[in-house]
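Here's the structure, in structure tokens; my notes come after.
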Amino acid sequence: MYGDATSPANQYGSQAGEAWAAGKTGSSTVYVGVIDEGVQWSHEDLAPNIWVNPYDPVNGIDDDGNGYVDDIRGWDFDGKNNTTYDGTQDDHGTHVAGTIGAAGGNGKGVAGVVWSVKIITAKFLGRRGGTTANAVKAVDYITDLKTRHGLNIVATNNSWGGGGFSQALQDAIERANQAGILFIAAAGNGGSDGVGDNNDTTPSYPASYPNANIIAVAAITSTGAKASYSNYGATSVDIGAPGSGIYSTLPNRTKNGYGSYSGTSMATPHVTGAAALYASTHPGASAATIKAAILSSAVATSSLTGKCVTGGRLNVSGF
């Protein structure tokens, strides 16, 4: 979250601290979807920013007619129920959510890129991973919330990959695109050779789909290097963001947890948070405008030269 003008300073951070210093901390009128594992909605640092569905109260009836009964905080497509948090195995989704929107200024734990936002959980990853069919349902669930209710959903965070090309998933992402929702995706953690994979030659889905609403994110370290595991691609990966040693929210059996994870999964929510931040300061901005703002503000970074479209790293200081 640091920047070159924060204290402590780190020029390779997202520069979110500089945005906060300027009074830009997000808005509860901006929504993002977390398509992932579940999210510990009761976590002390997440609870204020977890969406509660006003259209379908818990009464055993599908009040809003979307096919999901009592989807009070989203839906679990893996478990086929409304329990969007199933315990400590939902660590990945909880960690991602904290980087996007852990509450700031509360003297607890961590702060997300945006301190105020509404996070909608679309869980499709469980103990055994997830299916592409459920990923499609999760994407469409978020799209339907926007088209049916007019929720100001600006992006989904997609810190996952695998399964190869799927026309059904590409079509679902396109439906999100038509609804004005960005699909922010992890570039992937490639292979065991310590250099990552080139997505230009070996596509990593969903990051490598051609849809205009996708932002594919590589990971950098705190010293500005491309993370050794991070995939890259001069034409297929868009931007880099902090992804190594990222401290965020985690579930804990007895209390609210925190811890450090690494991966392009951790870089991606910095960009999703950036989209929410830009939307909070530019009400009504289109998905294309938000994407252009994120990419055009990237700071040139030598480790990313020729490795992504922008050749640079995330910078939200001017949002």
Is there a residue being of a type outside the set (S, T, Y), within 20 Å of V316 (Cβ to Cβ) and in contact with a Phe, Trp or Tyr (Cβ under 6 Å, 6 or more places away or on another chain) anywhere in region 194-215?
yes
Matching residues, region 178-208, being aromatic (F, W, Y) and surrounded by 24 or more Cβ atoms within 10 Å (Cβ to Cβ)
F183
With the first residue restricted to region 31-47 and required to be farther than 15 Å from A276 by Cβ, and the second required to be of a type in the set (K, R) and not in a strand (DSSP E or B), Cβ contacts under 7 Å at 6 or more apart or on different chains are W41/R73; E44/K108; D45/K108
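Matching residues to (1) modelled with pLDDT of 95 or more; (2) β-branched (V, I, T):
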position: F124; (1), (2): yes, no
position: G164; (1), (2): no, no
position: A168; (1), (2): yes, no
position: N189; (1), (2): yes, no
position: V195; (1), (2): no, yes
Inspect all residues belonging to region 166-177 and state whether any of them is surrounded by fewer than 20 Cβ atoms within 10 Å (Cβ to Cβ), farther than 20 Å from G130 by Cα and charged (D, E, K, R).
yes
Report yes if some residue within region 267-277 is in contact with a Phe, Trp or Tyr (Cβ under 6 Å, 6 or more places away or on another chain) and buried (at least 23 other Cβ atoms within 10 Å of the Cβ); otherwise report no.
yes
All positions within region 113-133 that are over 22 Å from N53 (Cα atoms) and not in a strand (DSSP E or B):
V113, R127, R128, G130, T131, T132, A133
Restricting the search to region 209-222, which residues are within 16 Å of S260 (Cβ to Cβ) and either part of a loop (DSSP other than H, G, I, E, B) or among the polar types (S, T, N, Q) (or both)?
T221, S222
Would you say G101 is within 30 Å of T281 (Cα to Cα), in contact with a strand residue (DSSP E or B) (Cβ under 8 Å, 6 or more places away or on another chain) and of a type outside the set (A, V, I, L, M)?
yes
Qualifying residue in region 74-82 (condition: buried (at least 24 other Cβ atoms within 10 Å of the Cβ), closer than 18 Å to Y31 by Cβ and not aliphatic (A, V, I, L, M)):
yes
Out of region 282-316, which residues are of a type outside the set (A, V, I, L, M, F, W, C), under 21 Å from G17 (Cα atoms) and surrounded by 18 or more Cβ atoms within 10 Å (Cβ to Cβ)?
K291, S297, T301, G312, R313, N315
Just a yes or no: is a residue in region 51-64 under 23 Å from the mean Cα position of the chain (by Cα), of a type in the set (A, V, I, L, M) and crowded, with 18+ Cβ neighbours inside 10 Å?
no
Checking the condition within 15 Å of the chain's Cα centre (by Cα), buried (at least 18 other Cβ atoms within 10 Å of the Cβ) and part of a helix (DSSP H, G or I), which residue from V96, V30 passes?
V96
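The values are calculated or read from the model by the stated rules, or taken from the named source; none is laboratory data. Since this is a predicted model, take the numbers as computed values, not measurements. When we count neighbours, we look across all protein chains shown, and the Cβ atoms used for this are built from the backbone with ideal geometry, even at glycine.
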